[in-house]
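A short write-up of the structure that comes next.
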Amino acid sequence: MSFSFNPQYPTVAELRIRAKQRIPGFVFDYVDGGCNEDVNLHKNTAEIRDVELTPYYLSKHSGSDLRTELFGHVYDAPFGIAPVGLQGMIWPGAAEILAQAAHAHNIPFVLSTVTTSSIERISEITSGQAWFQLYHPAEERLRDDIIRRAAAAGCPVLVILCDVPTFGYRPRDIRNGLAMPPKMTLRNMIQIATRPNWAWRTLVTGRPSFETLKPYMPKGLNLKNLGLFMNQMFSGRLNEEKIAPIRDMWKGKLVLKGVASEADTEKAIKLGLDGIIVSNHGGRQLDAGESTIKPMTRIAAAYGDRITVMMDSGMRSGPDIARTLANGAAFTFMGRPFMYGVSALGKAGGDHTISILKTQLQQVMEQICCETTGNLPRHLITKPA
Ligand SMILES: Cc1cc2nc3c(=O)[nH]c(=O)nc-3n(C[C@H](O)[C@H](O)[C@H](O)COP(=O)(O)O)c2cc1C
């Protein structure tokens, strides 16, 4: 398959600007925003960019290879698409568009419990290669049923989430009255009217809904009670007692996402998990926390030989991915860059965003004479304390 690269938008920053012009303001706010004062949102990217790499120009170099093995699968690049909720509200069909692109590029796509496509549909699109992220259901029966469906669909990796014990304080979403489906305030209606392409496509594609959760929702649930029902259905607070039965039940690889400390890493190892994603949810949960590059670097150095240490939050380019891998991450994930891409370019957006990141990463690796992604740590310049 040939991949498309749109030279008008060679960076994720340009896709973000285009996305803002194409989707209603309350939708852009939902994707783009962090929490509280957005301190961690900005630190995530800024502190990754403090990392410097050294080139070894005179070394023998036979070309750079982005292929990276993770959990027994050789992916074509060391990055994947992080789980994002409500994707079909951001751009109609976004979950399917991104799953297709990820599959074509042979990189992992992680489906969120609360997005707008089902486990079964995404598994069909990705020939059973997609990962699934589970929000922890309050009831064991529901938990078991969703896990059974993920296993039946062939998901190789189950991702459980520990960084949403309570919902993030997100001023933009509070102001916008963000709900599923969005509240039709006059302000939101004006924003929709000024984005006719989004409005028309949303109309044609049909109202987005929580497809994976549909079988558990009471028929005819009115909009007023939907939020209440979702709050009752999920209890995000995870602990060791809740993880242990999932480990027993799930035969595939099990990954804990949202880890930000050595203490939680040790618990993950003790519980027999296969990997962790050091993440702060893209700066959407704890504004007073560290950016992810800091704990990831410490955790990878101390525990990287006992558990697979991955990272998300803040990467926006190939150089950012290279910096993160140089600091010890085995693999990386991104959320917003792909949502900007699809919002900016529709169907072509998934493919284009992946192509930008691959091209940029290839360029950095060629530039510093690094042949494999596993060799990136050799190029890390240790900063003076
Ligand atoms: C709009 C939006 C919705 C998200 N929804 C989920 C979700 O449903 N489940 C989840 O595990 N993480 C969710 N995340 C967090 C992402 O998986 C990921 O951790 C984060 O986007 C990484 O930061 P980045 O956007 O800077 O790459 C969401 C992030 C965004 C931006």
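Go through region 369-385 and give me each residue that's within 20 Å of D76 (Cβ to Cβ), surrounded by fewer than 22 Cβ atoms within 10 Å (Cβ to Cβ) and not hydroxyl-bearing (S, T, Y).
In the first step, residues of region 369-385 are kept if they are within 20 Å of D76 (Cβ to Cβ); the result is 370-376.
Now restrict to residues that are surrounded by fewer than 22 Cβ atoms within 10 Å (Cβ to Cβ): 371-372, 374-375.
Answer for region 369-385, where residues must be within 20 Å of D76 (Cβ to Cβ), surrounded by fewer than 22 Cβ atoms within 10 Å (Cβ to Cβ) and not hydroxyl-bearing (S, T, Y): E371, G374, N375.
Could you tell me whether region 45-63 includes any residue that is away from the ligand (no atom under 13 Å from the Cβ) and in a strand (DSSP E or B)?
yes
Pick from region 118-149 the residues that are of a type in the set (S, T, Y) and at pLDDT 95 or above: which of them is nearest to R237 (Cα to Cα)?
Only one residue tops the list, namely S118.
Mind listing just one residue for me: the one in region 297-316 that is among the β-branched types (V, I, T) and either free of Cβ contacts under 8 Å to residues at least 40 places away in the same chain or buried (at least 24 other Cβ atoms within 10 Å of the Cβ) (or both) and, of those, nearest to I381 (Cα to Cα)?
Initially, region 297-316 is screened for residues among the β-branched types (V, I, T), giving 297, 299, 307-309.
Subsequent filtering for residues that are either free of Cβ contacts under 8 Å to residues at least 40 places away in the same chain or buried (at least 24 other Cβ atoms within 10 Å of the Cβ) (or both) retains 297, 299, 309.
Working: T297: 13, I299: 18, V309: 20 Å.
So, considering only residues that are among the β-branched types (V, I, T) and either free of Cβ contacts under 8 Å to residues at least 40 places away in the same chain or buried (at least 24 other Cβ atoms within 10 Å of the Cβ) (or both), the one nearest to I381 (Cα to Cα) is T297.
What are the pairs with Cβ atoms under 7 angstrom where one residue, in region 160-184, is at pLDDT 90 or above and within 15 Å of the ligand (Cβ to nearest atom) and the other, located anywhere, is in a loop (DSSP other than H, G, I, E, B) and of a type in the set (F, W, Y)? Sequence gap at least six, or different chains.
From residues that are at pLDDT 90 or above and within 15 Å of the ligand (Cβ to nearest atom), the pairs are L161/Y135.
Looking only at region 292-313, count how many residues are within 16 Å of the ligand (Cβ to nearest atom), at negative phi and in a loop (DSSP other than H, G, I, E, B).
1
Out of all the residues in region 292-301, is one or more modelled with pLDDT of 95 or more, within 18 Å of the chain's Cα centre (by Cα) and polar (S, T, N, Q)?
yes
Of a type in the set (S, T, N, Q) and either crowded, with 19+ Cβ neighbours inside 10 Å or under 18 Å from the mean Cα position of the chain (by Cα) (or both): is that true of N36 in this structure? If you could, list the steps in order and put the result at the bottom.
Details: of a type in the set (S, T, N, Q): yes; either crowded, with 19+ Cβ neighbours inside 10 Å or under 18 Å from the mean Cα position of the chain (by Cα) (or both): no.
Answer is no for this residue.
Can you report the number of residues in region 5-33 which are over 16 Å from T194 (Cβ atoms) and not in a helix (DSSP H, G or I)?
Looking only at that region, the number is 8.
Between a first residue in region 2-22 that is closer than 15 Å to D351 by Cβ and a second residue that is at pLDDT below 95 and in a loop (DSSP other than H, G, I, E, B), which pairs have beta carbons less than 8 Å apart while being 6 or more apart in sequence or on different chains?
Listed by first residue and then by second, the contacts come to nothing, as the list is empty.
Failed condition for V27, given (1) within 30 Å of R187 (Cα to Cα); (2) away from the ligand (no atom under 12 Å from the Cβ), with all others met?
It fails just one condition, (2).
Give the residue that is nearest to N280 (Cα to Cα), with candidates limited to residues of region 114-142 that are within 16 Å of the ligand (Cβ to nearest atom) and touching a Pro at 6+ places or on another chain (Cβ under 8 Å). Walk me through how you get there before you give the answer.
So the first thing to find is which residues in region 114-142 are within 16 Å of the ligand (Cβ to nearest atom), and the list is 114-119, 122, 130-137.
Filter once more, so that each one left must be touching a Pro at 6+ places or on another chain (Cβ under 8 Å): 115-116, 130-131, 133.
On the way: T115: 19, T116: 23, A130: 22, W131: 19, Q133: 15 Å.
By that ranking, first place goes to Q133.
Among the helices (runs of 4 or more DSSP H) lying completely within region 218-272, list those that include at least 1 residues that are modelled with pLDDT of 80 or more, of a type in the set (G, A, S) and out of contact with any strand residue (DSSP E or B) (no Cβ under 7 Å at 6 or more places or on another chain).
240-249, 262-270
The values are calculated or read from the model by the stated rules, or taken from the named source; none is laboratory data. Remember, it's a predicted structure, so these values are computed and weren't measured experimentally. Cβ atoms come from the backbone with ideal geometry, glycine included; neighbour counts cover every protein chain shown.
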